[in-house]
Amino acid sequence: MRDVVVVGAGPAGLHAAYRLASAGLDVLLLEARTQVGEAAICAGVIGEDAFMRFGLPTRSVLASISCIQAISPAGRALEHKTTAPLARVVDKGQFNRDLADRASSVGTEIWPGRYVESIQPEKQSVVLHFRTPEQGTGTLRTRVAVIASGVNFALNKILGLAKPREFLHAIQADVSLPQGGDSHPTQVYVGRSVAPGAFGWNIPLGHGRARIGIMTTALDPRPFFDALILRIAPGLRDPQVRLSPKAIAQAPVGRCATERILAIGEAAGHVKTSTGGGIHYGLLSAELAAEVILRAFHEGQFSIQTFGEFERYWRRAFGSELVTGYFARKLAASFSDSQIENIFDRAKAMNLLARLDGSLQFDWHHRAILTSIRSLITPSSVI
Ligand SMILES: Cc1cc2nc3c(=O)[nH]c(=O)nc-3n(C[C@H](O)[C@H](O)[C@H](O)COP(=O)(O)OP(=O)(O)OC[C@H]3O[C@@H](n4cnc5c(N)ncnc54)[C@H](O)[C@@H]3O)c2cc1C
């Protein structure tokens, strides 16, 4: 019997496996895809702090971000620039493979091509059934299981664990831009007509390439993506454009822990509700889960009470961020494009970004959101 089986080789599962195997547990990780990092659809923007906090590998870094422009529907720009880099942009497939190498280096066994289709807690163990692409099947018994399956909530459903209440729908592509087309800072496009409920992005990757995408509450992000491409690079002809749509979990509700089992990362809805970024909180979720699991092994206690501590940990660490981000995004989504233009004007007039400087952090938005709302949202700014 294994000590821990982790389901899913995304950042959360790989980091949990690394932490648990480093502490001496026998860890097996099962990944549905035949290769770790395959089809890892993500803009790959990770805050600078996360690299230090989690000691992340840097081989996958494509670019660094030290200036971000928010662009209104009419083209007004608000710019936030720093002397030190704010974030890095990674090739997410390579990033996952590097995390897998790190987890393997401390003893994690990784089995790609294993889709876990059922999970059943028993008195002294958890039983998992998986299938392979060749229609083979297998059964495993483990003391503890970690569900890190991203936006696939099939195992949560079997266990009666929570599924996030809402999803954003995102699509992106890496494209070649006409000459000089990538000589701009990272741009975030907002507005109801541009990306209802969220935003679009244009991230220069260097060498004439950019990562362009849209995230929206609309079920089909394609028309908004097409419009953004037309706006950024009219006449773009790129046979390499491969569109990659995917859902992003928002707003976790309810339980993500039960006896011997924890759901972590996006499988627990641990994704920033302000931006849809799931890597930093996924890694943090993995750290907190590892802490709870190591204590369970130390005390020989695998009860729902022991595992339920995880809920308290993550809520304390980033629960208020998720709540504030969620309502801020809802509020922003309620504004018409002309109200957004007013808000941009007001923010410029009062030099809001400079005022926020102390509270502007890449991964922690609670304070900046509250200050912005207090400063900007007055009856006159939204009429
Ligand atoms: C277009 C787009 C852009 C994004 N941009 C950013 C960004 O710039 N920055 C950021 O921080 N976040 C971003 N995100 C979100 C981020 O990619 C995810 O939140 C993050 O990858 C979640 O990590 P995870 O480890 O929880 O899950 P995932 O990375 O989704 O990994 C889950 C893994 O589990 C495997 N799996 C699923 N079910 C099973 C099963 N039953 N058995 C075995 N394996 C299974 C999957 O194949 C997958 O490999 C973006 C998302 C999208 C869609």
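The values are calculated or read from the model by the stated rules, or taken from the named source; none is laboratory data. Remember, predicted model here, so these are calculated numbers, not experimental data. Here Cβ is always computed from backbone atoms with ideal geometry, including for glycine, and neighbour counts include all displayed protein chains.
Structure notes:
- Filter pass, Gly282 being within 8 Å of the ligand (Cβ to nearest atom) and within 15 Å of the chain's Cα centre (by Cα): yes
- Residue within region 108-131 that is without any contact (Cβ under 8 Å) to a residue 12 or more places away in the chain, over 27 Å from Phe153 (Cβ atoms) and in contact with a strand residue (DSSP E or B) (Cβ under 9 Å, 6 or more places away or on another chain) present: no
- Index of the failed condition, Ser149 passing every other in (1) closer than 18 Å to Arg19 by Cα; (2) away from the ligand (no atom under 14 Å from the Cβ): (2)
- Leu262 modelled with pLDDT of 90 or more, crowded, with 18+ Cβ neighbours inside 10 Å and either in a helix (DSSP H, G or I) or not aliphatic (A, V, I, L, M) (or both): no
Each row is one residue, and each column tells you yes or no for (1) modelled with pLDDT under 90; (2) crowded, with 24+ Cβ neighbours inside 10 Å.
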position	(1), (2)
Ala247	no, no
Cys256	no, yes
Ala268	no, yes
Thr275	yes, no
Ala286	no, yes
Ala289	no, yes
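Rundown of residues vs (1) away from the ligand (no atom under 14 Å from the Cβ); (2) surrounded by fewer than 17 Cβ atoms within 10 Å (Cβ to Cβ), yes/no style:
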site	(1), (2)
Leu161	no, no
Phe167	no, no
Leu177	yes, no
Ala195	no, no
Phe199	no, no
Asn202	no, no
His207	yes, yes
Arg211	no, no
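- Selection from region 85-130 of residues that are surrounded by fewer than 19 Cβ atoms within 10 Å (Cβ to Cβ), within 25 Å of Ala23 (Cα to Cα) and within 12 Å of the ligand (Cβ to nearest atom): Trp111, Pro112
- Just one of (1) in contact with a strand residue (DSSP E or B) (Cβ under 6 Å, 6 or more places away or on another chain); (2) in a helix (DSSP H, G or I) fails for Arg315. It is (1).
- Flag not set for Ala32, criterion: near the ligand (Cβ under 8 Å from one of its atoms), in contact with a Gly (Cβ under 9 Å, 6 or more places away or on another chain), more than 27 Å from Val292 (Cβ to Cβ) and among the aliphatic types (A, V, I, L, M).
- Residue in region 52-61 that is free of Cβ contacts under 8 Å to residues at least 60 places away in the same chain and small (Gly, Ala, Ser) present: yes
- Any hit, region 58-78, residues being out of contact with any helix residue (DSSP H, G or I) (no Cβ under 6 Å at 6 or more places or on another chain) and within 26 Å of Val127 (Cβ to Cβ): no
- Residue check, Gln305 surrounded by fewer than 23 Cβ atoms within 10 Å (Cβ to Cβ), assigned to a loop (DSSP other than H, G, I, E, B) and more than 12 Å from the ligand (Cβ to nearest atom): no
- Residue in region 224-244 that is under 26 Å from Ala17 (Cβ atoms), in contact (Cβ under 8 Å) with a residue 40 or more places away in the chain and not in a loop (DSSP other than H, G, I, E, B) present: yes
- Matching strands (runs of 3 or more DSSP E) fully within region 156-208 where at least 1 residues are closer than 18 Å to Ala77 by Cβ, at pLDDT 85 or above and β-branched (Val, Ile, Thr): 186-189, 199-206
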